[in-house]
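What follows is a short report on a single structure.
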Amino acid sequence: MNSTYIKTIVVAVTTLLVVSCSGDKKKGIDYNQFKTEIQLTPDQTKSFDEITKKYQDLQEQNFQAAKAQGGNMDRVALGIKNEELRAQQSLEMAKVLDGPQMEKFNKFVDENSRKRPRYDNALLERIKTEAQLSEDEFKVVNAANDAFEKGFNDAHDVYHGNNDLAKEYWEKFDAQRKAAIKNTLTPEHYTKFEEIVKEVQFKGRK
């Protein structure tokens with residue numbers, strides 16, 4: 001399978017409704033809520049507040065920089081930057097919280113942060129390994145996954161604030177993602193792929 005074919009698959013998947021996305025500020029994670037769920041010492045509380053404020057400020061800076069792009073706001077890039085900030089925050093927080101507290105903190109952040117609308121890296125690795133995909137097959141899975149994320153994000157201003165409509169768009173783009181993958185994988189590999197991703201469904205926007 002050559003690169004031209006892979007690019008053709010990407011183009012086919014990304015022939016989606018493209019709209020301008022001006023963006024708006026998200027509510028964000030309520031870290032005060034987390035502090036009611038655990039007991040922190042005064043020193044821990046001080047460091048906890050400093051770290052969370054630092055990364056909330058950095059996230060807001062990233063958002064404002066992306067928003068300044070106007071109709072060209074790159075929500076994919078913004079999502080990647082936010083993932084990186086959460087990882088960095090976790091590393092700093094591990095110096096403040098003990099093991100059990102840190103486990104609860106990571107779980108709280110994971111449950112309350114907005115995820116990128118895509119197969120994450122752990123799931124992609126499962127797909128590649130368990131479905132025994134060739135390198136070319138896996139390239140198409142990645143390309144279709146990237147196109148899905150871009151298409152769903154590009155339609156943000158259409159469904160913003162309406163979870164029912166967001167679900168419709170998610171399912172539409174997911175069907176296109178799977179169609180592109182089905183056209184490339186062998187029947188056996190696609191059957192295994194479907195089994196692995198069967199639990200992946202739309203989750204309401206936070």
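Laboratory data are not the source of any read-out in this text; all were calculated from the coordinates shown. Quick caveat, the model's predicted, so the values are computed rather than measured. Glycine gets a Cβ as well: all are built from the backbone with ideal geometry, and neighbour counts include every protein chain shown.
Observations, loosely collected:
- Cross-chain or 6+ apart pairs with Cβ under 9 Å, the stretch 82-95 first and under 20 Å from Asn62 (Cα atoms) and touching a residue at least 24 places away in the same chain (Cβ under 8 Å), then of a type in the set (Ser, Thr, Tyr) and part of a helix (DSSP H, G or I): Leu85/Tyr55; Arg86/Tyr55; Gln88/Tyr55; Gln89/Thr52; Gln89/Tyr55; Glu92/Ser47; Glu92/Tyr55
- Screening the stretch 148-203 for residues that are within 17 Å of Arg114 (Cβ to Cβ) and among the charged types (D, E, K, R) and picking the one that is nearest to the chain's Cα centre (by Cα) gives Glu149.
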